[in-house]
Amino acid sequence: MKHKETSAAKSCCIVETSAGYVALEYRDGKLLGVSFPKPTVEDARATLSCADRCVECAAAPEAEMFRDYFAGETVDFGKVTVDLSGYAEFTVKVLEAVRSVPYGETVSYKQLAQIVGSPLAARAVGQALGCNPAPIVVPCHRVLSSDGTLGGFSGGLEWKRRLLDLEGVNLKQ
């Protein structure tokens, strides 16, 4: 959840899901960061820059969305506002574009490069996706190599595979 710091106050919370504990970090009501599910509350809390102000967020709208998502329900995180201030313009363009990839569908790095108007920048797209502060909400796991294989993933390929499996995506072996 690396992000350029500003003076605005942050808030943090932990959501218990069937996959583990997910940490959510906010600034001014916008989602600033999301962790991959962790086995313990302490592990999830350790991913946050504001861990000392961390609370349970069982009633937050995003909490319910994450619980539903990991329970295998189709969830549209499109209305969740993600704070992308402080990121390079190209990175913001890529992260915003990948949010339009629907649940259960995929695009290639090359296709995403074309969508953002830089058809020869597939590697740069991959690097921009590696800066994603809010995985799952910004569904970079839905971006594959042109040959249909996983490619890379900042959360690890096992998580990418698990998320795509959860969404019913059939991968090439």
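We did not get these values from a lab; they are worked out from the coordinates using the rules stated. Remember, it's a predicted structure, so these values are computed and weren't measured experimentally. As a convention, Cβ positions derive from the backbone with ideal geometry for all residues, glycine included, and neighbour counts pool all protein chains shown.
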Item to check | Length-normalised contact order of the stretch 31-127 in % [C-alpha pairs under 8 Å, at least 6 apart] | outcome: 19 percent
Checklist outcome for this item: Among (1) 32; (2) 19; (3) 47, the value of percent of Cα pairs over 28 Å apart computed for this structure carries the label (2)
Next on the checklist: Within 14 Å, Cβ to Cβ, of Phe70, how many net charges do the neighbouring residues add up to if Lys/Arg are +1 and Asp/Glu are -1?
Outcome noted: -4
Checklist entry - Between Ser118 and Leu150, what is the spin-label point distance in nm, taking each point 7 Å from the Cα along the Cα→C-beta axis? => result 2.5 nm
Item to check | Of Gly72, Gln111, Pro37, farthest towards positive along the dipole that unit charges on Lys, Arg, Asp, Glu beta carbons give the chain | outcome: Gln111
Checklist entry - So what is the relative contact order for the chain, in percent, with contacts set as C-alpha pairs under 8 Å and at least six apart? => result 20 percent
Item to check | Value of [θ]222 nm, deg cm²/dmol, for the chain, DSSP H segments ≥ 4, -39500 (n - 2.57) each, nearest 500 | outcome: -8000 deg cm²/dmol
Checklist entry - What shape does the stretch 64-122 take by its C-alpha gyration tensor, where a ≥ b ≥ c are the square roots of the eigenvalues and a/c under 1.5 counts as rounded, a/b above b/c as prolate, and the rest as oblate? => result oblate
Item to check | Lysine pairs meeting the criterion (Cα under 16 Å, 8 or more apart or interchain), as found in the chain | outcome: 8
Next on the checklist: Taking a ≥ b ≥ c as the square roots of the Cα gyration tensor eigenvalues, with a/c under 1.5 meaning rounded and otherwise prolate when a/b beats b/c, else oblate, which class fits the stretch 10-70?
Outcome noted: oblate
Item to check | Length-normalised contact order of the stretch 128-173 in % [C-alpha pairs under 8 Å, at least 6 apart] | outcome: 32 percent
Checklist entry - What is the mean projected area of the alpha carbon convex hull for the stretch 115-169, to one decimal in square nanometres? => result 3.9 nm²
